[in-house]
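Computed from the coordinates by the stated procedures, all read-outs in this text should not be read as laboratory data. For clarity, every value in this text was computed on a predicted model and none was experimentally measured. Because the Cβ atoms are built from the backbone with ideal geometry, glycine has one as well, and the counts that use them run over all protein chains shown.
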Amino acid sequence: MTEYLYLIPILPLVGFLINGLLIGRIPRPVITLIGCGSVALSLALSLSLFFELKALPADSRMIEQVLFTWIVSGNFHVSMGFLLDPLSAVMILVVTGVGFLIHVYSVGYMHKDPGYGRYFTYLNLFTFSMLTLVLADNFLLMFVGWEGVGLCSYLLIGFWYHKKSAADAGKKAFIVNRIGDFGFLIGMFIVFWQVGSLNFVDINAMAPAAFIAGGSLITITCLLLFVGATGKSAQIPLFVWLPDAMEGPTPVSALIHAATMVTAGVYMIVRSNVLYMMSPDALFVVAVVGALTAIFAATIGLAQNDIKRVLAYSTVSQLGYMFLACGVAAFTAGIFHLMTHAFFKALLFLASGSVLHAMSDEKDIRKMGGLKKYIPITYWTFLIGTLAITGIPGLSGFFSKDEILWKAFSSDYGHPVFWVLGFVTAGLTAFYMFRLVYLTFHGPERMDDETKSHLHESPKSMTVPLIILAALAIAGGWVGMPHILGATNYFEHWLEPVMASGRNAVDTHALMSTSSNAGMEWSLMVASVGLVLISIFVARMFYNKKPELATAWQKKMSGLHKLLLNKYYIDEIYGAVIVRPTVYFSLFLWKVVDVVLIDGLINGVAVVYNDLSESLRQVQTGRVRTYATWFAVGVVVLIAVFMRG
Amino acid sequence: MSLDLAIFVISALVAVFGATMMIFQRNPVASVLYLILSLVGQAVLYVQLGAAFVGAVLIIVYSGAILVLFLFVIMMLNLRSSADLGEPSPPVSRFVKYFVSCLIFLELSFIIRESLGAGSTTSAGIVTMADDSFGSVESVATLLFTRYLYPFELTSVLLLSAIVGAVIIARRATEDELPPQPEKAVGPISQKTNEGQE
Amino acid sequence: MIDYTSASIDFALLGPEIALLASAFLILVTGYVKSLGKLSPGVAFVGLVIALVLSLNQWGNQSSGFFGMVTCDDFGSAFKVIFTLIAILTLLMAHRYLSHKSLNRPEFYALLNISTMGMMVMANSTDLVVMFLGLEIMSLPLYVMAGMARRSPESNEAGIKYFVMGAFASAFLLMGIAFVYGASGTTDLRRLVTDYHYIVGNFKLYLYSGVAMILVGFGFKVGAVPFHSWIPDVYEGAPTPVTAFFSVGPKAAGFAVLLRLFVFGFAYIGLLSDVFWVLAALTMTVGNIMALRQNNIKRMLAYSSIAHAGYILIAFAVGGDSAVSAAMFYLVAYALFNTGAFAVLVLLETRTGCKSDFSELSGFSRLHPYLSSVLALFMFALCGFPPTVGFFGKFYLFSAAIQSGFIWLVVIGVMNSFVSVYYYLRVIKVSFFDQPQQTFVPVTYSPAIIVVLLITLAGTLGLGLFPQQLLDISQSAIFAFL
Amino acid sequence: MVPISAYLIVGVALFAIGTVGVLISRNLIVLLMSVELMLNSANLCLIAFSRSQNIMDGHAFVFLVLTIAAAEAAVGLAMVITLYRNRETINIDRFNLLKW
């Protein structure tokens, strides 16, 4: 079977070509068949290859398939080849698996859209690019996929181009990603310059000799690559495009802007873990940026009222976790969280899509409420997703998040401060997610009657993927249970061959020696679960119970229920002291830091360029004599330079 | 002051004077005449430098043919002095233009001064009397038809394209393109392309 | 070793030039006969094809003739092939456009061939005199072609601007050649290289200032800042197929000469690397920044051509074999996708009243999904997106520069290529995403332009996926040099 | 005995005057003549250099340059004629439709 590896990305490409070339000429069922079928075949192939890989002995689990030599010139050699190893195997399963479910979901979600064919064309192109990205055996091919997914993201954000906000959001995503790509490209050039190859296997083998571990060049290289990752994976300061990207269709948000594409940065860093292991400084920067992004985005998420924006900030925050994991050299934990996050975040987005479907595209959660009884399947799946993301023990999110927190605390590269940041983020996450649940599904029904009369559960093509994803969100984490629970961490063993080379590169001894402190691990785990539960409780107080308390208080003004009143005062005080400031702080971060500072900075760059362009244009007066004068000035300068030389 | 020097000074002054007057005339006819004057001065310098033949060609071809062409065009278009020359550029921009040109002159003359006396063969850069064949018709012709044969042939191509180009640009409009009607232009390819040669 | 000063009058060396000249003559003679006038494009095409075949035939032939005035080598032959291909593509797209605008005169085709011949003369010479003559033979027809639409004030203006600036630049070039001649007593590049100890020892300043002015003269042709200002105006005003020709043909010829002069010839002048460093950085930055705020696609592409010239100039700063072959690769790549983009513009402009403003593209994709996708692809190639050949061109160029340690130049280059994405993408945005202001008049295809589109499309994508062949060729063209 | 450099200085001076002419003259015909003057000054330098090197190649080159100048003049004047027909002016500053 392994000789068919190349078919995994090629199949969606074929789907893209057929749908793209015959756009507008084939009926919808055929589009659906081609669009979903190609991804389904990829998924089947990925699964069989995965099992084949699993059957191999652990240290020979690497299949490299070189299709043809792309460029050879002198010592410069790049092949068009795919690399299947434990890491890319996980990635292709996530991409094709979640991708397939979202394709199916889209059939129901987009069924009324006039751009149905175009949508599936883009989606298949995206799947192709993403698979190329993760299967590439060298940086150059990876960059091809990297640019491809960026392009598809741009096309799909602006899918409803008649909306100005959608077109603007697409543009913003594009510009921000350019900044990231800039870093990636330069970093790639430096790697090539020093190592003489772009092939991952070669780099892993030769980088320790080519770079001085801990030297400034390797740090610069890693940081440049990290700039690329921050752009694609929406980290500080390049995260501003992701919340705006929610202008695209919801399945797109689920697939591209939550489950797969935005994790490409994490994947890239894990892929080049050898390089990062050689630069502790770069790792530290990655960890700091990751931790800060996690808490920063979670804080902003507290005060958002658009259901998709809450989920978007939550995505940014969760990606921060993954980078935190990478930064403390717990690459396995990062990939593990990447996988579980793909399940539950895709689930959450698709469920929110189902909500929007029911709510006639109303996104404001203040105008929802009480949806539980109208769309029960959506509610239950959404709840499962929420429980998973908050890290309720037993669900997938718990295992991955817990591992990251523990590594942040205990790893050689970790620090208790990282743990505290992650810990607080976990609490904030639980709070805003349950706020979302309560405001959307519980409490009074705040929508208008028109919308209310249209409330309905989504069709089967949408609910079935939801149910499957819910199952994955529950069980997906069981492959990576921590040692202290007495289980075997299959996931860690699976990825071990990929990480071994990185550790060998720096010759560290005791990265895995963390299990020695089981008591500490237990207590940290209990603490974080406790915080999550408290946060959920607080959210319940404020977004579910409080309104009832308030009405009760209004009815019984007479003073008989002073106790109740007093309790209410306690709530009030609690709110005034803790919740209100937090919300205001959140609004401050969002309105000032995000929108004004970072956004403004990026827009400012654009404005500066535009103004520069405008003023430079004035030089071009249209008069030949002016041109001749510039010309003569150039001559004078040039002769002067040559005279000196 | 030797005779050589006197001739040099006078003809150099004539050349520079003619050139300067040429660019400041408002009447193009006067400009042409001043340029001819300058060329005559230059031709004398050519002869002094031993390029008698090329100097003669300069007068005959350049003044005799090319500048007459200029005159011819000026007359044909009936350009009076300063018909529509608008307002002069602002002083600052004029200053910049003079300044830049001066810089070019200063740079190049500095280079010439610095290189004075360098080299070996005809050292000190002094014009010495060369053998008689230097600059004669015969030796120029020998060069042109041996080493410079290929470039010489190439000039014929250049002249050909100049003729074709001048004709295609300056010819009067043919009947099919006279009225600038865009609608008409959409028609089939068939065109009377060959009419209307003046 | 070649016998540098071979006196042999070997016309086989001039095969392609003679073929082009003969076809031009034939056009000029038959063009005035009414019934034969229509054949002119065909005659020109046949001439070009013969020239292409003969140029290909010259591959591997390394010899010199005409008293050392003609040097046949693989470097020159490779460029000759590039020129003929560009001319063929131009010819194919010109016919339709010229007919539409009532400009379809036989002389155009004759001038096109003569101009191409001038480029060949430039590429195949190691003598400054011949290079200068080749430049003039190339340029005079170009001036005329730019101003050919005599009814259009813009075209007139483009012609005169190009002419004035071109003649001005020629004067500097000539002065430069005079100074180099004064330093060395020769105009033969090979002798300039072999005698350089003597020349630099005695007449260093003459040589250097001469080289500076020669750089000005050819820098003008390739549009290096600050000698670029004619480009936008001329490109915008000239008839579109002519602009397509301008943006690649003379540029390639200018680069051929510049490569010969400054990478092979005067490479011993250590200063050159720094000068080209600044020129490259300046050229790409100015070109890109000024392109940002254009409203006319032709004008935008004009500034973009300045920017691309800047990328190629990186190779001059870097020097060395890999940089030069990267520059040649880039030139071919650029010729392909730039010509393709202009072919789409030609199609658009053969609708009445279209001037290639950005706003005219709105609604394009809805009426012509394929054609607009093709245009989008060319824009991606111009941005340097993988997997188009534009990406490889840049990648190859930048990696050659990095390997020689020119990191900052590459940083500037990469930054610039990301800025450029903004304005290229605008074409895509307008044609795909914008609401049409008025109804989009449909485009009518012509077979010749479809051929052009197919060739450029195949090249842009095919060479992007399989660049090896072209890379090998561009490398052997360098290794075979003298 | 006049040193060669004196001739060269004259040549360079004429070149600079030609440059001034291109930069400041608004009359297109004078502008063209200024370009011609520049070419001619380069010719003077070529002749002078020929003398100093005692090699006659420069003479042949000047010969070719004269042809080039003639060709350029022909095309340039043809353009002047067309421009004058269409715009009825030869003021170079009026031709600024294309800008920015």
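Neighbour counts of other Cβ atoms within 10 Å put C:L54, A:L347, A:L217, A:L283 in the fewest-to-most order A:L217, C:L54, A:L283, A:L347. Across segment A:273-280, coupling constants 3J(HN,Hα) worked out from phi with the 6.51/-1.76/1.60 Karplus curve, θ = phi - 60°, read 4, 4, 5, 5, 4, 7, 10, x Hz, and Gly and Pro carry x. Beyond 18 Å in Cα-Cα separation lie the following of the pairs A:K164/C:K429; C:K80/C:K161; C:K38/C:K101; A:K372/A:K401; A:K163/A:K460; C:K161/C:K221: C:K80/C:K161; A:K372/A:K401; A:K163/A:K460. Shielding by partners for peptide C:179-190, expressed as the average number of C-beta atoms from other protein chains within 10 Å of each residue's C-beta, is 5.
Computed over neighbours whose Cβ is under 14 Å from that of C:L258, the net charge equals +3, Lys and Arg +1, Asp and Glu -1. Among D:T89, C:T194, A:T250, the ranking by other beta carbons within 10 Å of each residue's beta carbon, starting with the fewest, stands as C:T194, D:T89, A:T250.
Volume of the convex hull of chain A (Cα atoms only), normalised per residue: 201 Å³.
Once the Cβ-Cβ distance between A:F585 and A:Y490 is put in as r, and R0 is 51 Å, what FRET efficiency do you end up with, to the nearest 0.05? My answer for the efficiency is 0.80. For segment A:34-99, the equivalent ellipsoid derived from the alpha-carbon gyration tensor has semi-axes of 26, 18, 9 Å in decreasing order. Take the Cα atoms of chain C, build their convex hull, and give its volume per residue in Å³. Normalising the Cα hull of chain C by residue number yields 126 Å³. So if R0 is 30 Å, what FRET efficiency would C:R351 and C:L465 give, r being the distance between their Cβ atoms, rounded to the nearest 0.05? Efficiency, rounded to the nearest 0.05: 0.35.
The modelled label-to-label distance for the pair B:E87/A:H454, using points 7 Å beyond Cα in the direction of Cβ, is 6.4 nm.
The angle separating the long axis of helix A:518-540 from the principal Cα axis of greatest extent in chain A is about 60 degrees. Using only the C-alpha atoms, the convex hull of the protein assembly as shown corresponds to 188 Å³ per residue.
Residue by residue, segment B:66-72 carries 3J(HN,Hα) couplings of 5, 6, 5, 4, 4, 4, 4 Hz when phi is fed to the Karplus relation 6.51 cos²θ - 1.76 cosθ + 1.60 (θ = phi - 60°); x denotes Gly or Pro. Note on B:F99 and C:L454: their simple-model spin labels are 6.0 nm apart, each label 7 Å out from Cα toward Cβ.
In chain A, the longest principal axis of the Cα atoms and the axis of helix A:7-21 are about 90 degrees apart. Computed from the C-beta positions of A:H162 and B:V61, the FRET efficiency with R₀ = 60 Å rounds to 0.30. I'd like the Kirkwood hydrodynamic radius of segment D:4-94, using the inverse of the mean 1/r over distinct C-alpha pairs, in Å. After inverting the pairwise mean of 1/r, the radius is 14.2 Å.
By other beta-carbon atoms within 10 Å, ranking B:C102, A:C36 with the fewest at the front produces B:C102, A:C36. Segment C:333-374 has equivalent-ellipsoid semi-axes of 18, 13, 8 Å, by the square roots of 5 times the alpha carbon gyration tensor eigenvalues, sorted largest first. Our coupling estimate for segment A:377-391, obtained by passing each phi through the Karplus curve with A = 6.51, B = -1.76, C = 1.60 and θ = phi - 60°, is 5, 4, 4, 5, 5, 4, 5, 4, x, 5, 4, 5, 6, 6, x Hz, Gly and Pro reported as x. Backbone amide hydrogens, once placed in the peptide plane, bring A:I63 within less than 5 Å of A:L84, A:D85, excluding anything fewer than 5 places away on its chain. Computing Rg and the Kirkwood Rh from the Cα coordinates of segment C:240-351 gives a ratio, Rg/Rh, of 1.03.
Modelled spin labels at C:V49 and C:F11, positioned 7 Å past Cα toward Cβ, are 2.3 nm from each other. Against chain A, whose longest principal axis comes from its Cα atoms, helix A:216-232 is set at around 50 degrees.
Which shape class, rounded, prolate or oblate, goes with segment B:1-85 when its Cα gyration tensor gives a ≥ b ≥ c as root eigenvalues, a/c under 1.5 marks rounded, and past that a/b bigger than b/c marks prolate? Oblate is the answer for segment B:1-85, as a/c is 1.5 or above yet b/c matches or exceeds a/b. Taking the inverse of the mean 1/r over every pair of distinct Cα atoms in segment A:78-151 gives a Kirkwood hydrodynamic radius of 13.2 Å. Along each principal axis, taking the top coordinate minus the bottom one, the Cα set of segment C:209-288 gives 41, 23, 18 Å in descending order.
Taking amide H as placed 1.01 Å from N in the peptide plane, the amide H of C:S64 sits under 5 Å from that of C:D3, C:C72, each at least 5 places away or on another chain. The mean count of C-beta atoms from other chains within 10 Å of the C-beta of residues in B:21-27, rounded to a whole number, is 6. Relative to one another, the C-alpha centroids of segment A:308-386 and segment C:352-394 are positioned 37 Å apart. Counting Cβ atoms of other protein chains within 10 Å of each Cβ in B:62-69 and taking the mean gives 4. Rg and Dmax of segment C:55-204, both derived from C-alpha coordinates alone, stand at 18.5, 60 Å.
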